[in-house]
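What follows is a single structure, written as C-alpha cells, with notes after it.
Each value in this text was obtained by applying a stated rule to the coordinates, not by laboratory testing. If you're wondering where the values come from, they're calculated on a predicted model, not measured in any experiment. Cβ: placed from backbone, ideal geometry, glycine included. Neighbour counts: every protein chain shown.
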Amino acid sequence: MIEVTANPGEGFLDRMIGLVEGAKRQKTPNEIALNILLAAFTIIFLGVCITLLPYSLYSVQVTGTGNPVTITVLVRSWSA
C-alpha cells in the first residue's frame, strides 16, 4: 500500500514545474544579434520581392517579348 504524504500541488514535480514556468531570463547577445539579422534579411527580401514586379513589367514592355512575373510567383518565392 502507498501513502501520499504531500498535499496536491506541493509535490516535488509540482515545485519543479513551477520553477521552470516561472524562470525569466534575458536574451543572450547572440540571440539579440540573430533577431536583428533575421529582421534585416526579412526587410531586404521584401524590398527585393516588391521591386521585381515593376522591373519585370518594364523589361517586357521594352523588349516586347516574354511574360511578366506574376504575383503568384513572387508570393511563392517569398514564402519558400
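Quick notes on this one:
- Pair list, Cβ < 9 Å and 6+ apart or interchain, from the stretch 23-35 residues that are among the polar types (S, T, N, Q) to residues that are surrounded by 10 or more Cβ atoms within 10 Å (Cβ to Cβ): N35/K27
- Scanning the stretch 60-79 for residues that are surrounded by 10 or more Cβ atoms within 10 Å (Cβ to Cβ) and of a type in the set (G, A, S) yields a total of 1.
- Any hit, the stretch 39-49, residues being in contact with a Leu (Cβ under 7 Å, 6 or more places away or on another chain) and either free of Cβ contacts under 8 Å to residues at least 60 places away in the same chain or surrounded by fewer than 10 Cβ atoms within 10 Å (Cβ to Cβ) (or both): yes
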